[in-house]
Amino acid sequence: MTLRTSRGNIKAVLFDLDGTLIDSAPDLGAAADKMRMDRGLSSLPDEAYRPMAGAGARGMLQVAFGMTPDAPDFAEMREEFFQNYEKSMTARTYVFAEVQALLEQISAAGCLWGVVTNKSKRFTEPLVAQLPLFSEASVVISGDTTPHAKPHPEPLLEAARRLGLTPADCIYVGDDERDIQAARAAGMFSVAACYGYLGAQADTGKWGADIEIKSPLELLQSLTTA
């Protein structure tokens, strides 16, 4: 079986991490919610945090405290959030349904797969080490692997370089508009994962992705196979 897009054969499939391959919203929300409870505030439900999970610490602190990055104590609060998250980053995080089957079929088609995330190495490296699925990844690029994070194309270009491929050989799948912007800037076929966090205001039709998918395995159904 050969995986193809309208541009030709695919040699590698690259993915965003949070909201695309794994659901880390429960642990991200819990890290921020602990901060609330430590200050005598009431706990918020997981559903309050989920829409902003893709925005990381910025999103979680906004939900928990209405805090924005220009707040005087934002840096201090962010570090407290980071420390909470580090202590339990895989307590409730899980791989999305169909993801393991998707990756197995990608490998069976003779394609490589890897991860390009804006999550910093501080969290990416221990996280992927604790989830056995990622031992099969051919490349993992964190938000601070290169001088730029998405939507800059450099992380995707670095992934292609490490795989010994051209950007045109790769496709990139992500659940955030920045993912699609990065893929387009890198010259990769772009796929919007519409099953991820996708904040309430997301309009994926305006992102300019080459295709959209509503579940992981739909990716294979959307590609031309031979």
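The values are calculated or read from the model by the stated rules, or taken from the named source; none is laboratory data. Just so it is clear, the structure is predicted and the values come from calculations on it, not from any experiment. Positions of Cβ are backbone-derived with ideal geometry, glycine not excepted, and every protein chain shown enters the neighbour counts. Heavy atoms of the whole protein, side chains included, go into the accessibility calculation; ligands, DNA and RNA do not. Shrake-Rupley method; radii C 1.70, N 1.55, O 1.52, S 1.80 Å.
Miscellaneous remarks
- Of all residues in the range 83-119, exactly one satisfies the criterion of being open to solvent by 60 Å² or more (accessible area, probe 1.4 Å), hydrophobic (A, V, I, L, M, F, W, C) and touching a Lys or Arg at 6+ places or on another chain (Cβ under 8 Å), namely Leu112.
- For Asp16, the conditions (1) modelled with pLDDT under 95; (2) within 26 Å of Trp113 (Cα to Cα); (3) charged (D, E, K, R) are fulfilled apart from (1).
- From Arg36, Arg50, residue being at pLDDT 95 or above and either open to solvent by less than 20 Å² (accessible area, probe 1.4 Å) or not aromatic (Phe, Trp, Tyr) (or both): Arg36
- Odd one out for Lys11, checked against (1) more than 26 Å from Ala97 (Cβ to Cβ); (2) surrounded by fewer than 16 Cβ atoms within 10 Å (Cβ to Cβ): (2)
- Condition met for Glu80 (open to solvent by 30 Å² or more (accessible area, probe 1.4 Å) and in contact with a helix residue (DSSP H, G or I) (Cβ under 7 Å, 6 or more places away or on another chain)): yes
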